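Peer 1: Encoded as structure tokens, here's the structure I'll be asking about.
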């Protein structure tokens, strides 16, 4: 298990992940902090909200691209066969890869958190919540990218599919509100609206509620603002376990 | 010797040369460049992006969809856009050319993303509230009143600002007084002294001296009032009682409003003059 863990870290260092992404994160932090100051009032709040939202996206994007292309490279170079030739179970391999990827994400998350702490958000307790939820989101995104890239043959397809699920996860709360009639649209359409509502409810069961994670309102107004409170914790735990189980199932079906 | 093996050995020995481009390919490139130039001159050069002074505001659900679950981020991003409406791309647009009906829709849409923030009413009051057009002023006043009514305990300053705009920019005293009546939506104890005094000062300004005095007497009965504030109210009441020209103006003003606001009617006059 530790061998896989070290291998992923070594390739991340070799690919200069810890050089490029932190530099990009710092540049994005600086740009959004300055942009926020252009606000007529509440410049600090604007800087914090813009920096938080933008850096979160960059961390997720960086992890997805790294994991999908790295897994693809494992298959192309047949390194995965060499790794699985050792006496290690495929479930343990998936778990160790996920832990390694998640720890990479945790290391990357330190950059935006440090930057936001420097910006002094109105709620430091909210910053703690935001940090915890972004860490869990990083682990969840790594699991999602790993599962998709193990199932799909192409790295580009894996990246696009993972990002599609990620975007759907961030929008699912809004889509449920739409089909549930909160904006009056579903009610106007009668049976069609009811059918859409049922469909969306079924879809929501298998899509993670990513809109509950890393909410910028926590930074501005404290952990009691926003939606869902601490429900991101069980969401992350359940969904990561589900994804790892699916990835293990898929890997066990493959013949090398 | 086998001809195929001879050919393969010759191929192995002969260096590969570059494939010369066909003549038709060069002609096609020239023709396509000419077509592009004609298209540009004919149509594309005249096409311009739409640069509305105030673009059409997205609906509430469209805003939520664009937020991708992070409404605070989208709110701050779009507020930066709101600040430069009409002033981007080298333009400087006079306020009278803005579509204030669309602007107020933008204000409401952005409030839907973050109702606690004060940046939108600040922009509305201090930038767009500078207009001299009465119809536009009225829209700003109505927006500020509506924004404050959603949370009067925290947003009372926007009611006060709307009343100031009504009184001093629009010159509509009745509207200013009606705006200040909105303050009754919040408990008096949650409002600072300067806000609670505004109705009294406004009535005194327009000659409703007795109404102003009554309001101040009611305020002075507040047991939590500081002694310095109580002394200040006593001085104001005494000053108003000594102003004879204000009484004449009050008698001459048609349709004078009731002397006590709804939240003061049940309070008895105290020991003040």
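Peer 1: When you look at the Cβ of every residue in A:211-217, what mean number of other chain Cβ atoms sits within 10 Å?
Peer 2: 5
Peer 1: What residue among A:39, A:103, A:154 has the largest mean-square fluctuation in a Gaussian network model of chain A, using Cα springs under 10 Å?
Peer 2: A:39
Peer 1: Sort B:155, B:242 so the one with the fewest other Cβ atoms within 10 Å of its own Cβ comes first. Before the final figure, lay out each step's value.
Peer 2: Values: B:155 19, B:242 8.
Going from least to most buried by this count: B:242, B:155.
Peer 1: If I model a spin label at residue B:231 and residue A:88 as a point 7 Å from the Cα along the Cα→Cβ vector, what separation in nanometres do I get?
Peer 2: Spacing of the two 7 Å Cα→Cβ label points: 8.1 nm.
Peer 1: Let me ask something else about it. So what's the back-of-envelope 222 nm ellipticity for the protein assembly as shown, counting only DSSP H runs of four-plus at -39500 (n - 2.57) apiece and dividing by all residues, rounded to 500? Don't skip to the answer; put the middle values down first.
Peer 2: Details: 24 runs with 367 residues, N = 529.
Estimated from H runs of four or more residues: -23000 deg cm²/dmol.
Peer 1: Rounded, prolate or oblate, given the Cα gyration tensor of segment B:34-186, with a/c below 1.5 counting as rounded?
Peer 2: Values: a/c = 3.52, a/b = 1.79, b/c = 1.97.
Judged from the Cα gyration tensor, segment B:34-186 comes out oblate (a/c at least 1.5, b/c at or above a/b).
Peer 1: Roughly how many nanometres apart are two label points built 7 Å out from the Cα toward the Cβ at residue A:167 and residue A:191?
Peer 2: 3.3 nm
Peer 1: Give me A:76, A:197 ranked fewest to most by other Cβ atoms within 10 Å of their Cβ, as a rough exposure proxy. Present the calculation step by step, with values, prior to reporting the outcome.
Peer 2: Details: A:76 10, A:197 18.
Ascending Cβ contact count within 10 Å gives the list A:76, A:197.
Peer 1: Also, I was wondering about something else. Within segment B:20-59, name every residue whose backbone N is under 14 Å away from a label modeled 7 Å from Cα of residue B:88 along the Cβ vector.
Peer 2: It comes to B:49-58, nothing else.
Peer 1: Further, regarding this structure: If the chain between residue B:61 and residue B:116 were fully stretched, how many nm would it gain, using 0.36 nm times the residue separation less the Cα-Cα distance?
Peer 2: Details: separation 55, 0.36 × 55 = 19.80 nm, distance 1.89 nm.
Once the chain is fully extended between residue B:61 and residue B:116, it gains 17.9 nm.
Peer 1: Related question: Would segment A:1-81 count as rounded, prolate or oblate if I go by the C-alpha gyration tensor, calling it rounded below 1.5 in a/c and otherwise prolate when a/b exceeds b/c, oblate otherwise? It would help to have the intermediate numbers written out before the result.
Peer 2: Values: a/c = 3.86, a/b = 3.43, b/c = 1.12.
Taking the square roots of the gyration eigenvalues as a ≥ b ≥ c, segment A:1-81 is prolate.
Peer 1: Same structure, new question: Which whole number gives the average, over all residues in A:39-50, of C-beta atoms from other chains lying within 10 Å of the residue C-beta? Write out the running numbers ahead of the final one.
Peer 2: Values: counts 9, 10, 9, 7, 2, 0, 8, 9, 1, 3, 11, 5.
Mean inter-chain Cβ contacts per residue within 10 Å come to 6.
Peer 1: Could I ask something else about it? Only counting other Cβ atoms within 10 Å, I'd like B:93, A:11 sorted with the fewest neighbours first. Kindly include the intermediate steps, with their values, before the conclusion.
Peer 2: Working: B:93 13, A:11 16.
Ordered from fewest to most neighbouring Cβ atoms within 10 Å, B:93, A:11 come out as B:93, A:11.
Peer 1: Please compute the Cα-Cα pair-distance distribution of chain A with 10 Å bins starting at 0, giving whole percents from short to long.
Peer 2: 7, 28, 31, 22, 10, 2, 0
Peer 1: When the chain is fully extended, how far beyond the present Cα-Cα distance does residue A:24 get from residue A:202, taking 0.36 nm per residue of separation? If you can, show how the numbers build up before the last one.
Peer 2: Values: separation 178, 0.36 × 178 = 64.08 nm, distance 3.80 nm.
Extending this stretch completely gives an extra 60.3 nm.
Peer 1: Can you compute the FRET efficiency between residue B:149 and residue B:53 using 1/(1 + (r/R0)^6), with r the Cβ-Cβ distance and R0 = 22 Å? Round to the nearest 0.05. Mind showing how you got there, number by number?
Peer 2: Details: r = 29 Å, r/R0 = 1.30.
In this case the efficiency is close to 0.15.
Peer 1: Hey, another quick one. Which of A:108, A:194, A:40 ends up with the largest GNM mean-square fluctuation for chain A, with Cα atoms connected below 10 Å?
Peer 2: A:40
Peer 1: Just tell me how shielded B:114-121 is by partners: mean number of partner chain Cβ atoms within 10 Å of each residue's Cβ, no decimals.
Peer 2: On the way: counts 8, 0, 5, 8, 3, 7, 2, 1.
Per residue, the number of nearby Cβ atoms from other chains is 4 on average.
Peer 1: Right, another one. Quick check on segment A:135-235: what does the Kirkwood estimate of hydrodynamic radius come out to from the alpha carbon pairs, in Å? Can you show the working numbers first?
Peer 2: Details: mean 1/r = 0.0658 Å⁻¹.
Radius from the Kirkwood sum: 15.2 Å.
Peer 1: Binning at 10 Å from 0, report for segment A:60-185 what percent of all alpha-carbon pair distances ends up in each bin.
Peer 2: With a bin width of 10 Å, the distribution comes to 12, 33, 29, 19, 7, 1.
Peer 1: Given a cut-off of 39 Å, what percent of all Cα-Cα pairs of the protein assembly as shown lie beyond it? Please list the in-between numbers first.
Peer 2: Numbers: 70579 of 139656 pairs.
Across the protein assembly as shown, Cα pairs with separations above 39 Å total 51 percent.
Just so you know, all these numbers are worked out from the coordinates, no wet-lab data involved. Quantities reported herein were computed from a predicted structural model and do not represent experimental measurements. Backbone-built Cβ (ideal geometry, glycine too); neighbour counts: all protein chains shown.
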